[in-house]
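The values are calculated or read from the model by the stated rules, or taken from the named source; none is laboratory data. Here the structure is a predicted model, which means the values were calculated and not measured. In this analysis, Cβ positions are derived from the backbone assuming ideal geometry, glycine residues included, and neighbour counts consider all displayed protein chains. In case anyone asks, the SASA skips ligands and DNA or RNA and just uses the protein heavy atoms, side chains included. Shrake-Rupley method; radii C 1.70, N 1.55, O 1.52, S 1.80 Å.
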Amino acid sequence: EGVGGQEYTLVKMKLLEPYPSKLRPETMFGQTNCWIHPDIPYVAYKMQNGEVFVSTRRAARNMSYQEMTADQGKVDIVAQFTGQDIMGCPLSAPLTEYKVIYTLPMLTIKEDKGTGVVTSVPSDSPDDYAALCDLKRKPPFRSKYRIKDEMVLPFEPVPIIEIPELGSLAAVFAVEKLKIQSQNDKDKLAEAKEMVYLKGFYEGILLQPFGWFEGQRVQDVKKTIQQQMVADGGAVIYME
Ligand code: A2H
């Protein structure tokens, strides 16, 4: 794409045993799961430092031109599968209070955007909250993708950012206020996102009880958290 483009912080969520897995770094304290599209193809491939990443083939190719794989322009694929094959996998994700989170199905993931692997922060993302509610409310939806109750039911949105008038679970507030019924409620979800994103960025204050950033403004700490995650090995920067 040349100069410019969108910068993403790829958060590394580490696949835990048993093995068969653009972002908002300041929201990583509130991750409850990881979204995968059940029907899109994914690949696992070796990075320059020996780690194995999972993403769409398209994102893997982009990474190979960003000096992230061993050879420029080459992707060393170790496995290929569809999202369904890596559904319900346990992961460890940086910064979140949940020790283990799971890969769960989201049907609105786009194949041509980012890595196709989306971290879920239902406190602050209306899409994530709506999709998590779909899974919690609909046992047949869980069983269709062989998702066990314990991968979904114990996970609640974590209050991480306080936004004036929207509270500390802004996405929950917006989804309820607009009476959003499911992850497919496209127009209302677009409206919900308008309600929470900009206001969250400009007026949001970090709560997260674990942290070093409590009481600080989202817009002031975003970059610092991103840099800290990269320095700790929990994230890498990727452009597209
Ligand atoms: B965001 P933008 Cl807390 N398909 O991450 C669908 N959605 C995708 C995707 C894909 N292939 N790849 C990334 N995304 C989502 C966190 C978050 C996000 C929060 C709040 C807002 C938010 C937790 N999910 O997004 O249009 C990812 O969700 C606001 C739009 O390129 C990513 O950031 O800006 C966001 O879309 C990037 O969308």
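Tally Lys and Arg at +1 and Asp and Glu at -1 over the other residues with C-beta under 11 Å from the C-beta of residue 83: what net charge comes out? Local net charge: -3.
Can you give me the relative contact order of region 62-218 as a percent, contacts being Cα pairs under 8 Å and 6 or more apart? That works out to 18 percent. Taking every protein chain into account, the accessible area of the chain amounts to 50 square angstrom per residue (probe 1.4 Å). Helical content alone sets the calculated 222 nm signal of the chain at -8500 deg cm²/dmol, taking -39,500 (n - 2.57) per DSSP H segment of four or more residues and averaging over every residue. Per-residue 3J(HN,Hα) values for region 31-44, derived from phi via the Karplus relation 6.51 cos²θ - 1.76 cosθ + 1.60 with θ = phi - 60°, read 5, 10, 5, 10, 8, 9, 7, x, 9, 9, x, 10, 10, 10 Hz in sequence order (x marks Gly and Pro). Evaluating 6.51 cos²θ - 1.76 cosθ + 1.60 at θ = phi - 60° for every residue in region 55-72, the Karplus couplings come out as 6, 5, 4, 4, 5, 4, 4, 4, 5, 5, 9, 10, 6, 9, 9, 4, 10, 3 Hz, glycine and proline recorded as x. Couplings 3J(HN,Hα) of region 157-174, computed from phi: x, 9, x, 10, 9, 9, 10, x, 6, 10, x, 9, 10, 4, 5, 4, 4, 5 Hz, in residue order, whole Hz [Karplus 6.51 cos²θ - 1.76 cosθ + 1.60, θ = phi - 60°; x for Gly and Pro]. Ordering 183, 196, 236 by Cα displacement along the dipole of region 97-240 toward the positive end leaves 183 in first place; charges were set at the Cβ atoms of Lys, Arg (+1) and Asp, Glu (-1). Rg and Dmax of region 94-225, both derived from C-alpha coordinates alone, stand at 15.1, 43 Å.
If you wrap a convex hull around the C-alpha atoms of region 114-174 and split its volume per residue, what is the figure in Å³? Let's see the in-between values first.
Working: hull volume 5.7 nm³, N = 61.
Convex hull volume per residue, Cα atoms: 93 Å³.
In region 138-217, Cα pairs under 8 Å separated by at least six residues give a relative contact order of 27 percent. Size check on region 15-114: the Cα extents along the three principal axes, sorted descending, read 36, 28, 27 Å.
Report D for the chain in µm² per second (integer): Stokes-Einstein, Kirkwood Rh on Cα pairs, 4 °C, 1.567 mPa s. Present the calculation step by step, with values, prior to reporting the outcome.
Details: Rh = 18.3 Å.
The estimated diffusion coefficient comes to 71 µm²/s.
Working note: Cα gyration tensor of region 200-240, eigenvalues times five, square-rooted, sorted largest first, giving semi-axes of 20, 14, 7 Å. Can you tell me what percent of all Cα-Cα pairs in region 151-240 are more than 18 Å apart? For region 151-240, the share of Cα pairs beyond 18 Å comes to 56 percent.
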